[in-house]
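Take a look at the structure set out below.
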2 protein chains.
Amino acid sequence: MAKNDKMVKAITSMDEDFAKWYTDVVSKAELMDYSSVKGCMIIRPYGWAIWENIQKILDGMFKETGHENVSMPMFIPESLLQIEKDHVEGFAPEAAWITHGGNDLLEERLCVRPTSETLFCDHYKNIIHSYRDLPKLYNQWCSVVRWEKTTRPFLRSREFHWQEGHTIHATAEEAQAETVQMLNIYAKFAEEFLAIPVIKGIKTEKERFAGAVETYTIEALMHDGKALQSGTSHFFGDGFAKAFGIQYTDKENKLSTPFQTSWGVSTRLIGAIIMTHGDDNGLVLPPAVAPIQVVVVPIASHKEGVTEKATEVYEGLKKICRAKIDNSDQSPGWKFAEYEMKGVPLRIEIGPRDIENGECVVVRRDNREKVVVKLCDLETEIPKLLNAVRDGMFSKALEHRNSATYDAKTLDEMTKIAETKPGFIRAMWCGDRECEEKLKEVAGVSSRCIPFEQEAISETCVCCGKKAEKMLYWGKAY
Amino acid sequence: MAKNDKMVKAITSMDEDFAKWYTDVVSKAELMDYSSVKGCMIIRPYGWAIWENIQKILDGMFKETGHENVSMPMFIPESLLQIEKDHVEGFAPEAAWITHGGNDLLEERLCVRPTSETLFCDHYKNIIHSYRDLPKLYNQWCSVVRWEKTTRPFLRSREFHWQEGHTIHATAEEAQAETVQMLNIYAKFAEEFLAIPVIKGIKTEKERFAGAVETYTIEALMHDGKALQSGTSHFFGDGFAKAFGIQYTDKENKLSTPFQTSWGVSTRLIGAIIMTHGDDNGLVLPPAVAPIQVVVVPIASHKEGVTEKATEVYEGLKKICRAKIDNSDQSPGWKFAEYEMKGVPLRIEIGPRDIENGECVVVRRDNREKVVVKLCDLETEIPKLLNAVRDGMFSKALEHRNSATYDAKTLDEMTKIAETKPGFIRAMWCGDRECEEKLKEVAGVSSRCIPFEQEAISETCVCCGKKAEKMLYWGKAY
């Protein structure tokens, strides 16, 4: 067990230094490596496989709801970015600019897309003429670039991978319904597949996406009590369409302006998984997106028949889940630590005595619970255990969120909670931007969202004491 | 049938103007749209769905042979690109350069990756220490940028999508075997799934990838007699590893230098499909990658029971293939033309009389053959018919290639063939670069490859008349 101990000690404890723990985990679990381009990371096979699993599930959900994938150019001409006023103000300051193609100076600078609303609008203008052309429900999987000053793997990097949905509709109602539908898909995905409980709500004007009429968000609470915005869905009204001159002939043969949405989730979700579920032994991965769902570790594999039986078990499991067998010459202890670090949901230990008894030991990563399972029952028990792991992870995360959610009625209360108790703070707000800014200044918290599920905590704004009807979630955030 | 005729006439005939026919098809079949960034295109849902099908099949073939996907940054610092001398000479002249992040001038220019050898080498240097770390069999799906002067949809664009495999091995033999293995996978994919016959061979030094020791290629012949390089696989020897200082401790505890490969296919394959199989009615898609494999068109759908029966047929087919039903109010003739334009492999026509007889008419896109199929046999017959379409397309393309492949023994013969008969020219070559350049100058042809399957056409070089042992394929190329 020496190697095992060494491995465990190789990462910083969460409680000691959460930021250090995080960077230790992403490196040791081989999710990423730093590249020679500052602020851009290499996503290694184990990390990319998680993203591929996320993509596959979400892409299926998008296609089921009638969305189609497209591919836009990665560049935006400066003049195109400038068409919508709020949008350019939000994104130009952190754009990466191409000035030369080969040795030639370009006539017009191009930025690498920070987001693609302008490109989609430009395309929609070309292809939408009649009400028959509506709606268009498009999505693309790609990477985008925002020249951030400070970066952290998966949470904030200059290039990041995401999907961006861009839809266009005949009516505002239809576009609004789409915005909410996509938020609900994100919430369902986060909770059911990633085992991450989320708060669904609306952003304040201050936190709104540049150019949006309304931004919907799902907010998750990380282990250290900081919030993570985990997915957003924007209703644009007809602002972009008007700025870009997109019009269509409606059923009454009149020219009308359509309504738009956009929505996205990114590799940030991998950061959310790490910081919601991880522990001092490393990653804990939700079974739905784990690259390896079950690892088979033979015990005393030099003994006759062990490797054979373990392989037989593995071959059976391979048909029903993402399984792996580790026949390497490392010690079982080393292997236990390795697959705990990598967050593999279930570990199967199988040695000579187990084989004699026709059974094996299944160890859950989420709570280290050991279950003895008859080998003949394995293929029916493993799917149940994988579900149990997901449920266990969700309950634990929900409990943590509940225990780290506080109510504040006065500025004084809010400041004290923010100083001493990391977590969400629920408090009433009058709707004034000044109060929102003061809370940031005094208590160091930002508004996370106006949740769909409202509850009157008091009758007055936590900041100014004026009458207030909206309850908001506040917190420190990534 | 008026609309039908109009539709058919809407594209230029292939024989009249092949280039115009091509751009007509990519637009009318809604594969792409031009973007406001010169030389970059928008890939529309129907085009992107073809690429997704290509990706899915190839990705499966890569994973079956032990490859893992990763994601590298899209930027390369100028100094990193410059490390391997031949490589930088090949790619720097057409690189797109980032000079500013937001308002700040970057300390060092970054280019948008034209290909990622340098990024992979930089990463390998970090993660490879011992023979235990070898081989690494990595691949990534992404887009790359090369600032080309003249562009054409799918064939040559400033940004294009591809996969790039990058592997690193302990021995030269292993790396060479990988290079050939991947070429064989490309050839199998092109022939079996895309129904495109290809010539497998080696590039001459002149046509080699910048930095490679050997470049392997698959070459296809388009309908107009021009060649299209459709996939390449490169053996790098230890050149990149030495330039980047990648070393590992071998089993004898000595420092050794590893060997590398890279290999790629791109959205060019969509261009290959169009120009190999298309006709004056539009696209003809290979069933394996067709977004819609079977379209059901109800005839006289106002008659009782037609829509219901057609829908029943569609529901059954949906379970076994990518099926679609068109219940729109367009005329059957319009629909026939529309799905012919889109290259849908099989069309099912079903009207009142068919229903009475318990049958339907299945029309093949590749040869317009009509088959009457009993409705009860449909689900067993459709897969067979899809295979027959693939086989028919392959035979037709192979016949075309055979009939457009000529042998030349003298420069005079070669020049005449090149002038009058579009196609491949097989001719002997002494191995001198001067002869290769002269053939380009005089006959306007470039060497396509030194095929694996050799045949002695004569004993002397087609250009200089000196003794020659290598038979090459030559031709005009995209």
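Coordinate-derived values only; no laboratory data. Quick caveat, the model's predicted, so the values are computed rather than measured. We place every Cβ from the backbone using ideal geometry, glycine too, and count neighbours over all the protein chains shown.
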- Task: Please work out how much length the chain gains when fully extended from B:Ala300 to B:Glu52, using 0.36 nm per residue of separation minus the C-alpha to C-alpha distance, in nm with one decimal.
- Result: 85.8 nm
- Please name which of B:Gly305, B:Gly316, B:Asn327 has its Cα lying farthest along the dipole of the range B:300-349 towards the positive end, using unit charges on Cβ (Lys, Arg +1; Asp, Glu -1) and the Cα centre as origin. B:Gly316
- Distance in nm between A:Ile83 and B:Asn357 label points, each 7 Å along Cα→Cβ, equals 5.3 nm
- Item | Translational D in µm²/s for the range A:370-411 (Stokes-Einstein at 25 °C, 0.890 mPa s, Kirkwood Rh from C-alpha pairs) | 188 µm²/s
- Query: Over all Cα pairs of the range A:303-451, how is the pair count split among 5 Å bins, expressed in % and running from 0 up to the last occupied bin?
  - Reply: 2, 8, 14, 15, 12, 7, 6, 6, 7, 7, 7, 5, 3, 1, 0
- State the percent of C-alpha pairs, over all pairs in the range A:127-240, separated by a distance greater than 17 angstrom. 64 percent
- Under 16 Å from the A:Glu419 label point (7 Å along Cα→beta-carbon), backbone N, the range A:434-458: A:439-445
- Item | Across the identical copies, how the A:Gln247 labels are spaced - nm, sorted shortest first, 7 Å along Cα→Cβ | 7.1
- Message: Please report the antiparallel percentage of the DSSP beta bridges confined to chain A, to the nearest 5.
- Response: 80 percent
- Item | Volume of the Cα convex hull of the range A:1-131, divided per residue and given in Å³ | 217 Å³
- Message: Along the charge dipole of chain A, pointing to its positive end and built from +1/-1 on Cβ of Lys, Arg, Asp and Glu, which listed residue (A:Gln247, A:Gly444, A:Cys464) has its Cα farthest out?
- Response: A:Gly444
- Message: Which residue, A:Met72, A:Gly90, A:Met41, has the largest displacement toward the positive end of the dipole of the range A:33-160 when charges sit on each Cβ (Lys, Arg +1; Asp, Glu -1)?
- Response: A:Met41
- What percentage of all Cα-Cα pairs in the range A:294-389 are separated by more than 17 Å? 43 percent
- Cα coordinate range in the range A:215-356, projected on the principal axes (Å, largest first): 82, 38, 21
- Item | Overall dimensions of the range A:405-475 by Cα: Rg and Dmax, Å | 10.4, 27
- Can you list residues whose amide H is under 5 Å from A:Arg109's amide H, if they're 5+ apart or on another chain and H is modeled 1.01 Å from N? A:Glu78
- Where the Cα pairs of the range B:9-277 fall when distances are cut into 10 Å bins, in %: 6, 27, 34, 22, 8, 2, 0, 0
- So the compactness index of the range A:9-75, its C-alpha Rg divided by 2.2 N^0.38 Å, takes the value 1.55
- Item | Calculated P(r) of chain A - Cα pairs past 34 Å, % | 43 percent
- Query: Dipole of the protein assembly as shown, Cα-centred, from +1 at each Lys and Arg C-beta and -1 at each Asp and Glu C-beta, to the nearest 20 debye?
  - Reply: 100 debye
- Cβ neighbours within 10 Å from other chains - mean over B:279-287: 0
- Query: Taking H as built 1.01 Å from N, whose amide H comes closer than 5 Å to the amide H of A:Gly351, not counting residues under 5 places away?
  - Reply: A:Ile299
- Backbone N within the range B:203-229 under 17 Å of label point (7 Å from B:Glu441 Cα along the Cβ vector): B:206
- Under the Karplus relation 6.51 cos²θ - 1.76 cosθ + 1.60, θ = phi - 60°, what is the ordered set of whole-Hz ³J(HN,Hα) values for the range A:109-119, x standing for Gly and Pro? 5, 10, 9, 6, 3, x, 4, 10, 3, 5, 5
- Message: In 20 Å bins starting at zero, report the fraction of Cα pairs in the protein assembly as shown per bin as a rounded %.
- Response: 12, 40, 37, 11, 1
